[in-house]
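Following: one structure in structure tokens, then a few remarks.
What follows is calculated from the coordinates using simple rules that are stated; it is not laboratory data. Computed from a prediction, not measured in an experiment: that's the story for all the values here. Neighbour counts run over all protein chains shown; Cβ positions are idealised from the backbone, glycine included.
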Amino acid sequence: MRAKDPTKCNDYGDDNVPNCLGTPDPRYTMRFDEIGEQPILWCANCGPLAQAMDEGLTKAFMADPLNFPKTLEDAIDKAETDVVVDEVVQALKAKR
């Protein structure tokens, strides 16, 4: 994997993410202004999965902070499954 380009999607250049568009989509930018960190940029293809993973992780942590490590893998699996299901549904709708 190449070094990260701070002006591109966070997944840009990752061989495991061949559909990355590279160009950030502001709808999926994760901001950390409150803690003085740079934002994480996501493109329209990578952003939905990143957003779903963030929501799943937050939900899992808030539900049971002490057992969060145990539920981390489940949260990631659910987010990935939700995005894949949505992509399949969209593809099927497009074929109609």
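When you scan the range 42-60, how many residues do you find that are farther than 19 Å from Asn10 by Cβ and either of a type in the set (Ser, Thr, Tyr) or crowded, with 16+ Cβ neighbours inside 10 Å (or both)? Walk me through how you get there before you give the answer.
Pass one, the range 42-60, residues farther than 19 Å from Asn10 by Cβ: 59-60.
Those left that are additionally either of a type in the set (Ser, Thr, Tyr) or crowded, with 16+ Cβ neighbours inside 10 Å (or both): 60.
Adding up the residues that qualify gives 1.
Could you count how many residues in the range 24-58 are more than 24 Å from Val85 (Cα to Cα), of a type outside the set (Phe, Trp, Tyr) and without any contact (Cβ under 8 Å) to a residue 24 or more places away in the chain?
The total comes to 7.
Given the conditions (1) surrounded by fewer than 16 Cβ atoms within 10 Å (Cβ to Cβ); (2) assigned to a helix (DSSP H, G or I), and given that Ala75 satisfies all but one, which numbered condition is not satisfied?
The single condition Ala75 does not satisfy is (1).
Of all the residues that make up the range 79-96, how many are within 21 Å of Thr29 (Cα to Cα) and either without any contact (Cβ under 8 Å) to a residue 24 or more places away in the chain or of a type in the set (S, T, N, Q) (or both)?
We begin by selecting, within the range 79-96, every residue within 21 Å of Thr29 (Cα to Cα); these are 79-80, 82-84, 86-87.
Then drop every residue that is not either without any contact (Cβ under 8 Å) to a residue 24 or more places away in the chain or of a type in the set (S, T, N, Q) (or both), which leaves 84, 87.
Within the range 79-96, residues that are within 21 Å of Thr29 (Cα to Cα) and either without any contact (Cβ under 8 Å) to a residue 24 or more places away in the chain or of a type in the set (S, T, N, Q) (or both) number 2.
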